[in-house]
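The values are calculated or read from the model by the stated rules, or taken from the named source; none is laboratory data. Being a predicted model, the structure only gives us computed values, none of them experimental. Don't worry about glycine lacking a Cβ; one is built from the backbone with ideal geometry, like all the others, and counts go over all protein chains shown.
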């Protein structure tokens with residue numbers, strides 16, 4: 001038992017975290033049920049979060065919803081991250097040279113999180129925004145970063161991942177993923193073909209820190225209608241590797 005853990009803070013954050021695309025606004029009763037709290041306790045936490053400005057009541061529906069202030073925490077994180085501001089000129093250059101959607105991601109547990117993204121007008125809409133999470137085991141940025149971890153570390157991530165087929169092309173069997181990681185580490189980049197989104201092809205390269213550990217990944221995504229995998233590998237792999245090396249020295 002963690003004696004320093006403040007349970008009331010845990011419960012407050014639980015309320016903020018239960019909102020999602022399927023539950024953008026809820027009643028006090030719904031929030032209490034989803035957070036496994038009694039209604040009285042939920043009411044107190046909701047009132048406190050409303051007073052702090054992180055929750056608000058929709059005037060039309062009278063339901064509780066997150067306020068725009070919840071973005072402040074994310075904004076503070078992005079401004080403090082050592083790579084986000086520095087990487088933007090490089091992403092702009094990649095966007096111009098490749099005409100694809102370019103992204104900066106980090107590894108968080110079993111997921112990759114998007115910290116910066118420039119979307120191409122030629123790219124299909126995959127509904128990825130800053131802060132979006134995708135599984136690492138079947139996305140190019142995730143595979144690129146996993147390939148640079150120690151084998152035991154990568155295995156731990158994969159074993160705790162929900163390795164399910166998101167598309168008919170998803171490589172989700174553990175032996176096959178491990179084989180890919182060996183290949184990607186050797187060649188210096190990872191390629192994912194329609195594994196999470198149909199018609200999406202992505203190529204990614206890890207950005208290493210001074211200890212040669214992956215601190216992030218940069219990636220380019222294109223629609224299969226506009227590019228073939230072999231063409232992307234041939235035209236973009238060296239460009240991405242060179243860019244990642246520059247970022248590793250920042």
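Of all the criteria given as (1) in contact with a helix residue (DSSP H, G or I) (Cβ under 8 Å, 6 or more places away or on another chain); (2) within 30 Å of residue 216 (Cα to Cα); (3) without any contact (Cβ under 8 Å) to a residue 40 or more places away in the chain, the one not satisfied by residue 66 is (3). With the condition kept exactly as written, say whether any residue in region 135-149 is surrounded by fewer than 18 Cβ atoms within 10 Å (Cβ to Cβ) and either closer than 23 Å to residue 170 by Cα or assigned by TED's automatic domain parsing to the domain that holds residue 196 (or both). The answer is no, given that none of the residues of region 135-149 is surrounded by fewer than 18 Cβ atoms within 10 Å (Cβ to Cβ) and either closer than 23 Å to residue 170 by Cα or assigned by TED's automatic domain parsing to the domain that holds residue 196 (or both). Quick one: is residue 34 more than 25 Å from residue 114 (Cβ to Cβ) and either in contact with a strand residue (DSSP E or B) (Cβ under 6 Å, 6 or more places away or on another chain) or at pLDDT below 95 (or both)? Taking the combined requirement at face value, the residue does not satisfy it. Identification of strands (runs of 3 or more DSSP E) wholly contained in region 133-250 with 2 or more residues that are modelled with pLDDT of 95 or more and closer than 20 Å to residue 93 by Cβ yields 200-208, 214-223. Just so you know, in region 185-204 the residues that are free of Cβ contacts under 8 Å to residues at least 60 places away in the same chain and more than 18 Å from residue 172 (Cα to Cα) include one that is surrounded by the fewest Cβ atoms within 10 Å (Cβ to Cβ), and it is 186. A Cβ distance below 6 Å, combined with a sequence gap of six or more or placement on separate chains, defines the contacts here; from region 19-32, residues that are free of Cβ contacts under 8 Å to residues at least 24 places away in the same chain reach residues that are exposed (fewer than 15 other Cβ atoms within 10 Å of the Cβ) and outside any loop (DSSP other than H, G, I, E, B) in the pairs 32/39.
Restricting attention to region 14-28, the residues being exposed (fewer than 13 other Cβ atoms within 10 Å of the Cβ) and part of a helix (DSSP H, G or I) number 1. Every condition in (1) in contact (Cβ under 8 Å) with a residue 40 or more places away in the chain; (2) exposed (fewer than 13 other Cβ atoms within 10 Å of the Cβ); (3) within 29 Å of residue 234 (Cβ to Cβ) holds for residue 104 except the one numbered (2). Just one residue in the set 131, 53, 109 is under 16 Å from residue 215 (Cα atoms) and surrounded by fewer than 18 Cβ atoms within 10 Å (Cβ to Cβ); that residue is 109. Confirm whether residue 165 is out of contact with any strand residue (DSSP E or B) (no Cβ under 8 Å at 6 or more places or on another chain), closer than 19 Å to residue 200 by Cα and assigned by TED's automatic domain parsing to the domain that holds residue 206. Considered against the rule, which asks whether it is out of contact with any strand residue (DSSP E or B) (no Cβ under 8 Å at 6 or more places or on another chain), closer than 19 Å to residue 200 by Cα and assigned by TED's automatic domain parsing to the domain that holds residue 206, residue 165 comes out as yes.
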